[in-house]
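Contents: one structure, followed by commentary.
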Amino acid sequence: MKRSSNYLVIIILLVISAGCKDQPKKANLASGQQQIQKEGLKLLVGTFAEGDDKGIYQLDFNTETGELSNRQHVAKENKPGYLYLSKDGERVYSSNGTKPGSVSAFQWNEYKTALDKVSNLSSIGDGACYVGLSSDENLLAAANYSSGSIVLYPLDEKGGMIDDPQGIQHNGSGPHPNQNSAHAHCVQFSQNGKFLYAVDLGIDQILIYPINSENKLGKAQVALQLDPGDGPRHLVFHPTENKVFIINELSSTVVSATVDEENGVFTKIDKKSTLPDDYQEPNACADIHISKDGKFLYASNRGHNSIAVYSVSESGDLKLLTIEPVQGDWPRNFTLSPDGEFLLVANQKSNNITVFKVDGQTGLLEFTGNEISISQPVCLKF
């Protein structure tokens with residue numbers, strides 16, 4: 001009996017030991033799942049960096065904490081100042097702010113560790129500063145700031161650029177010293193795919209080009225005439241309504257407008273300053289974005305180095321809620337995370353990207369303390 005009891009004790013100990021050995025495996029599995037969750041999203045960064053540092057970078061973004069990490073240099077390119085990603089994320093396009101300007105198309109390599117350049121075409125102008133895809137991804141457009149022109153490229157079935165561009169030159173000037181000639185600064189396709197909008201800082205106009213059945217641009221009309229010296233730079237459409245919001249670089253203002261579904265023309269609703277009433281120093285607005293629910297609008301100030309936050313009423317009127325310091329210098333571009341919970345700012349002159357938490361109820365921003373150093377960041381894309 002004693003011998004039998006000893007056997008029983010040994011068996012029990014073996015079972016307990018085996019159970020203990022299983023515990024770390026389960027813990028590791030849970031830890032691995034948490035790690036995957038914390039890895040979050042990838043952020044692409046276009047830069048004006050020079051020398052060996054020039055080009056496009058990729059960062060990891062933690063969607064729980066807002067932390068940025070794991071900086072990787074994924075493509076060498078000269079002044080890729082604006083980036084646009086295909087819907088599947090496989091292709092990346094860049095506008096290159098050189099003289100002469102150009103547009104490049106990249107494809108991820110097999111391991112998603114680097115962007116391989118598959119084509120580079122002239123932008124039919126100087127200082128390409130913006131690039132955008134049509135909704136069905138068969139057309140690519142770019143704006144040339146220095147020469148005040150735009151260009152349209154057809155794309156093949158794989159998203160490759162076809163060397164048959166259509167270039168169009170803008171003409172005119174404005175009262176501001178920076179408006180000695182046309183300066184196309186942004187191109188965006190309409191949500192219905194019928195039109196291409198071109199925002200021209202030099203002539204205080206947003207032009208609208210119809211897209212014909214042969215995927216060519218027709219004669220331009222004025223979608224919106226801004227006030228003299230406004231210097232419109234970028235625009236963003238409301239996520240669910242026929243409204244649009246424009247940021248004016250030279251007058252430090254934002255404008256809301258309605259969009260006519262049939263002819264694409266804008267009708268102004270409201271105009272508000274991006275600055276405190278007592279601010280008298282130089283400022284140049286840069287970028288504009290709207291929350292996913294369309295309730296809050298954000299605009300960046302270079303000089304005052306801040307983000308102006310507005311509430312948007314059902315009618316499209318704007319109310320300035322606050323002006324939040326960006327914790328850096330010269331916020332050329334910023335972006336909202338896909339879930340709308342964070343706002344990230346590319347501060348060109350201070351060489352850093354800063355991260356803010358967004359209050360979904362109030363729209364207000366709070367600096368998370370998270371930032372990362374990178375040379376001359378000018379464009380952020382998830």
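Amide H contacts for Ser123 (H built 1.01 Å from N in the peptide plane; partners 5 or more residues away or on another chain; cut-off under 5 Å): Gly101, Ser102, Val103.
Taking amide hydrogens as placed 1.01 Å from N in the peptide plane, the amide H of Gln191 sits under 5 Å from that of no residue at least 5 positions away in sequence or on another chain. Of the chymotrypsin sites (Phe, Trp or Tyr not before Pro) in region 75-141, the ones in a loop by DSSP (not H, G, I, E or B) with at most 15 other beta carbons within 10 Å are Tyr111.
List the aspartates and glutamates whose alpha-carbon lies under 13 Å from that of Lys268, not counting same-chain residues fewer than 8 positions away? The qualifying aspartates and glutamates are Asp227, Asp260, Asp317. Would you give the gap between the C-alpha center of region 106-171 and the C-alpha center of region 185-263, rounded to a whole Å? First find each Cα centre; the distance between them is then 19 Å. A dipole drawn for the chain from +1 and -1 charges on Cβ atoms has a positive end, and of Asn120, Gly89, Ser306 the residue lying farthest that way is Gly89. Ranked for footprinting exposure by Cβ neighbours inside 10 Å, fewest first, Thr368, Thr274, Thr322 give Thr322, Thr368, Thr274.
Rounding to the nearest 10 and keeping the result within 0 to 90°, find how far the Cα-based axis of helix 2-39 lies from the longest principal axis of the chain. It works out to around 10 degrees. Applying a DSSP loop filter and a limit of 16 other Cβ atoms within 10 Å to the chymotrypsin sites (Phe, Trp or Tyr not before Pro) in region 273-355 leaves Tyr279. Backbone phi angles across region 239-247, fed through the Karplus curve with coefficients 6.51, -1.76 and 1.60 (θ = phi - 60°), yield HN-Hα couplings of x, 10, 10, 7, 9, 9, 10, 10, 9 Hz in residue order; Gly and Pro are listed as x. Residue-wise, which Karplus ³J(HN,Hα) couplings in Hz belong to region 41-52, taking 6.51 cos²θ - 1.76 cosθ + 1.60, θ = phi - 60°, and x for glycine or proline? With the stated coefficients, region 41-52 comes to 10, 9, 10, 8, 10, x, 9, 9, 4, 10, x, 5 Hz. Our analysis of region 63-132 gives Rg over Rh at 1.03, with the two radii drawn from alpha carbon positions and Rh computed by the Kirkwood formula. Take every Cα pair under 8 Å whose residues are at least 6 apart in sequence, average their separation, divide by the length of region 323-376, and the relative contact order is 29 percent.
For mean projected area of the Cα convex hull in nm², computed directly from the structure shown, the correct entry in (1) 28.4; (2) 29.8; (3) 25.1 is (3). Across the chain, Cα pairs under 8 Å and at least six residues apart give a relative contact order of 10 percent.
Amide H contacts of Thr274 (H built 1.01 Å from N, in plane; Pro and chain starts excluded): Thr253, Val254 sit under 5 Å, all sequence-distant by 5 or more or on other chains. Both the radius of gyration and Dmax for region 242-382 are 14.7, 46 Å, in that order, over alpha-carbon atoms.
Computed on region 51-127, with alpha-carbon pairs under 8 angstrom and 6+ residues apart, the relative contact order is 22 percent. Taken one residue at a time, the phi angles of region 204-219 give Karplus couplings (6.51, -1.76, 1.60, θ = phi - 60°) of 6, 9, 10, 9, 10, 10, x, 9, 7, 5, 9, 6, 10, 7, x, 5 Hz. Gly and Pro are set to x.
Readers should treat all values here as calculations from the given coordinates under stated rules, not as data from a laboratory. Note that this is a predicted model, so its numbers are computed, not measured. With ideal geometry, Cβ positions are generated from the backbone for all residues, glycine too; neighbour counts draw on all protein chains shown.
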